[in-house]
Structure formats: C-alpha cells, structure tokens
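One structure below.
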Amino acid sequence: MPHLVPSFLTLVIVISVARFFGMLFRKMGQPSVMGEVLGGIILGPSVVGYFFPGFTASVFHPEAMVFLKNIAEVGITLYLFVMGLELDLPRLRQSAKSAVLISQMSILLPFVLGLGLAYQIYSGYAPVGIGPLEFSLFIGVSLSITAFPVLARILADSHLHKTRLGDLALTCAAIDDITAWCLVAVVTGLLGASMGGAGITIILTILYVLMMIFIVRPWVEKFLPRLEKSSERLPQALLAVAVLGAMGSATLTDLIGIHAFFGAFMFGAIIPYDSLIAKDITARLQDFVAILFLPAFFALTGLKTQLGLISGTEHWFLCFTIIALAILGKFGGAFTAAKVSGNSTKESAVLGLLMNTRGLVELIVLNIGLSIGVLTPTLFTMLVIMALVTTFMTGPLLKLVDRR
C-alpha cells in the first residue's frame, strides 16, 4: 500500500518536531505539552505553511490527514483514560468541601463573562446557522476550563503535588473537568436536536455517571483484588479487558450525545487509583500515548490554527479581550472562593493561578467546537492563543508569588 509511506513519513515528522519543542520547553521550565502544541502550530499554515506551502501540501496531504485524525482520536481517548486512572478519589475527597465552592466559582465567573462576550460578538463571529444560545454556551465553556493533566505536571514541578494546597487544586480541576464535559454535552445536544433532545442527553448523562459510580465502581472494587492476587504483573488479557472497557464506555457516551472522550475519562476514574491494574496500565500506556498519539493531535490543532486569520485592530483587540476575560474569570473566581473558604491571600492567589491553567483539555474542547461547527476558524485561533497564554503564564507567576 504505497500511500501509507507518506502517511508514516508525516507521522515521523510530527513526532520529531513535537519531541524537539517539548524538550526545549522543559528546559525553559514550562510543561513539555505546551512545547508540543507550539510545534504543531509551527508545522501548520501559520509558519511552515506560510513560508513553504509546497512542503505543507506534500506532507499533510488528504490521506495523511485522515491517518493523523484517526491516530489522534484514539490517542486522546487513551490519554483521558490514563488521566482518569491517575485520579486518587479517596485522597481528593479530603479537599472536596472547599473544592466544590472554589471550582464552581472558577467556572461560574468566566462562564458568565463568556456569555456576555458571546452576546456582543455573535453577529460578527458566529458561524452561519448557529443560534445565539449554542454559540454563547460554548464560548462560556471555552473560558471556564481548567486542564487537569497539565495542572498535575505543574504541581509536580513546583513541589506542590503532595501538599494540602496541591490536593485542593487537583480536586478543583477534576470537578472542573467533569462540569466542563457536561456543559459540552448540553451544547452538542442543542446542536443535534431541540431543547428536549438536549434535556434527554443531560438525563442520560446523569444516569450514566450514577451507574458508573454506584454500580460499576463497586463491582470493579470487589473483583479486582481477586484478579490481582495471582501475579505482580497483570496478564495481557486483563489489560485488554480494561482498555476495551474504556473504549466501550467511550462508545456509550458517544451514543448518549456527549463526546467519547468523557466516557474514557470516567471509566479510568472508577478504577481504584492504588490498584495494580491502574499502576500497570499507566506505566505501559502513558509514555507510548504521549510519544506516538498526542503529537498527531497537536499537529492537527496546529493545522487548524491560522494566525493569518487574525488581522487588523479589531481582531487583535478581541483576541486580547478574550485572554483578559479568561484570566479575570478564572483567577477572580478561584481567588474569591478560596478566600471565603478560609485560605490565606497567598494560598488563594496560588489557587487562582493554578485554576487558570487550560492546556490540553481546552484544546480538546476547542477542536470539538470547530468540528461541530460552533466555532469559526478565526475564533478557534483566538481561543487557542488564549489557551496557550494562560497556560504559559502559570509557571512564571507561581515562582513570582512564591518568592514574595
């Protein structure tokens, strides 16, 4: 099959560029995932495609794009499954009381600001055929997201991951992610059907979550110890069952009307964090997914990000407004709620900065928005810039607050 040769060559180029920029950013004290995202943007029409259009056309031809898209979708599904496995729910419950208030305030304020912004820009920036309700809800969601995996990496780099404040931030981010996926479900339900159809989607989502927590999770906790007694390393058959369970859960949520990614994340979250299967799957899949699959997603995101679409004072003013509202909403909401919950000013500021981290989860949601037609390429590019800026600023500002 000769057409597979250029497709695999495309994958080799994508992985090489992603690893180079990821390593570069790690040396700069930034999460490597942000360097990989930037590598994808450089490969896209904004840089390489602008100066060397022939190269981009030959490397990212239609067959290669389909190949990358399939790899990216499988990769993100497996990545969110592993992300769910890394959720230590019993430990996070210790911070749940304060986390609920902080996480909901850090969602509510940017969500409201996003609704107001969407109302102002609807006539000029909404895609044709998209109603004001769907458009406003998605812009609100886009400003409300916190990236759990990138946040976990930043906490580890800042030596906060084993502290009370780190646990509180992780719990808030976990609640944020679940809430964000539910809000995305509302938007996709509205686009796919009437308001009644969206209501059915929400009800089915609630039933699905309750089933996973109160039926599937107890069953898993009951039978896992028996299966794990036989050896220190799990057989391939049991690992295959776990991965198939994640894929099945992803398929179920896709049928419900939520994105498949949420199902994979939820299935990983119900498996006990300290179980042998959770540790074994994480050890086997994490690096493989990060090296092979995620660069394909970053490349696709970069190819959709067209900086040339943002031209003129009006576009750049809107882009800076989006960034400012995103920061104000996330930091302001988390900081205020943290102070009300009894945290010190410094701890509240740290939580506000951490909750402003968007990263990979934001990019996943933005890609969903572009694929279902609720975002134009121009607005998609602005929101990608917002995701990068708010994530890049977290590390340096944390160091500044710590020094003070």
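The values are calculated or read from the model by the stated rules, or taken from the named source; none is laboratory data. In this text the structure is predicted, and so the values were computed from the model without any measurement. Positions of Cβ are generated from backbone atoms using ideal geometry, with glycine treated the same way; all protein chains shown enter the neighbour counts. For the accessible areas, the whole protein counts, side chains as well, though only heavy atoms, and no ligand, DNA or RNA atoms are used. Shrake-Rupley method; radii C 1.70, N 1.55, O 1.52, S 1.80 Å.
One line per residue, one yes/no per condition, for (1) in a helix (DSSP H, G or I); (2) open to solvent by less than 20 Å² (accessible area, probe 1.4 Å); (3) modelled with pLDDT under 90; (4) within 17 Å of Thr357 (Cα to Cα):
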residue: Val128; (1), (2), (3), (4): no, no, yes, no
residue: Leu133; (1), (2), (3), (4): yes, no, yes, no
residue: Gly140; (1), (2), (3), (4): yes, yes, no, yes
residue: Arg153; (1), (2), (3), (4): yes, no, yes, yes
residue: Leu170; (1), (2), (3), (4): yes, no, yes, yes
residue: Ala173; (1), (2), (3), (4): yes, yes, yes, yes
residue: Asp177; (1), (2), (3), (4): yes, yes, yes, yes
residue: Ala180; (1), (2), (3), (4): yes, yes, yes, yes
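Residues in the stretch 50-59 that are touching a Gly at 6+ places or on another chain (Cβ under 9 Å) and surrounded by 14 or more Cβ atoms within 10 Å (Cβ to Cβ): Thr56 only.
Figure legend. Inter-residue proximity from the stretch 363-382: first residues more than 18 Å from His315 (Cβ to Cβ), second residues among the charged types (D, E, K, R) and part of a helix (DSSP H, G or I), beta-carbon distance below 6 Å, spacing 6+ or different chains. Indicated pairs: Val374/Glu134. Would you check if Phe297 is touching a residue at least 12 places away in the same chain (Cβ under 8 Å), surrounded by 20 or more Cβ atoms within 10 Å (Cβ to Cβ), under 24 Å from Ser16 (Cα atoms) and not polar (S, T, N, Q)? So Phe297 passes the test. Identify all residues within the stretch 9-26 that are open to solvent by 50 Å² or more (accessible area, probe 1.4 Å) and at pLDDT 85 or above; write none if there are none. Result: Leu9, Val12, Ser16, Arg19, Phe20, Met23, Leu24.
When you look at Glu86, is it of a type outside the set (Gly, Ala, Ser), surrounded by fewer than 21 Cβ atoms within 10 Å (Cβ to Cβ) and closer than 24 Å to Leu351 by Cβ, yes or no?
So Glu86 fits the description; yes.
Among residues of the stretch 106-134 that are closer than 24 Å to Ala338 by Cα, those with a Cβ under 9 angstrom from a residue that is of a type outside the set (Phe, Trp, Tyr) and open to solvent by 80 Å² or more (accessible area, probe 1.4 Å), sequence gap 6+ or separate chain, pair up as Leu109/Leu328; Pro110/Leu328; Leu113/Leu328.
A quick yes/no check of all residues on (1) buried (at least 24 other Cβ atoms within 10 Å of the Cβ); (2) not in a helix (DSSP H, G or I):
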| position | (1), (2) |
| --- | --- |
| Glu314 | no, no |
| Val350 | yes, no |
| Gly373 | no, yes |
| Thr381 | yes, no |
| Ala387 | yes, no |
| Lys399 | no, no |
| Asp402 | no, no |
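In the stretch 270-281, the residues that are of a type in the set (Asp, Glu) form Cβ pairs under 7 Å with partners that are open to solvent by less than 10 Å² (accessible area, probe 1.4 Å) and at pLDDT below 85, at six or more places apart or across chains, as follows: Asp280/Leu234. Going by the conditions given, is Leu276 surrounded by 18 or more Cβ atoms within 10 Å (Cβ to Cβ) and over 24 Å from the mean Cα position of the chain (by Cα)? Considered against the rule, which asks whether it is surrounded by 18 or more Cβ atoms within 10 Å (Cβ to Cβ) and over 24 Å from the mean Cα position of the chain (by Cα), Leu276 comes out as yes. Of the residues in the stretch 245-263, none is in contact (Cβ under 8 Å) with a residue 24 or more places away in the chain, of a type in the set (Val, Ile, Thr), surrounded by fewer than 19 Cβ atoms within 10 Å (Cβ to Cβ) and in a helix (DSSP H, G or I).
Filtered by the rule that a residue be part of a loop (DSSP other than H, G, I, E, B), of a type outside the set (D, E, K, R) and closer than 25 Å to Ala260 by Cβ, the stretch 352-371 gives a lone residue, Thr357.
Of the residues making up the stretch 326-336, none is without any contact (Cβ under 8 Å) to a residue 24 or more places away in the chain, assigned to a loop (DSSP other than H, G, I, E, B) and open to solvent by 30 Å² or more (accessible area, probe 1.4 Å). Screening Gly29 on (1) open to solvent by less than 10 Å² (accessible area, probe 1.4 Å); (2) not in a helix (DSSP H, G or I) shows it passes everything except condition (1).
Has the stretch 32-40 got any residue that is within 19 Å of Phe297 (Cβ to Cβ), of a type in the set (D, E, K, R), open to solvent by 20 Å² or more (accessible area, probe 1.4 Å) and in a helix (DSSP H, G or I)? Checking the stretch 32-40: not a single residue is within 19 Å of Phe297 (Cβ to Cβ), of a type in the set (D, E, K, R), open to solvent by 20 Å² or more (accessible area, probe 1.4 Å) and in a helix (DSSP H, G or I).
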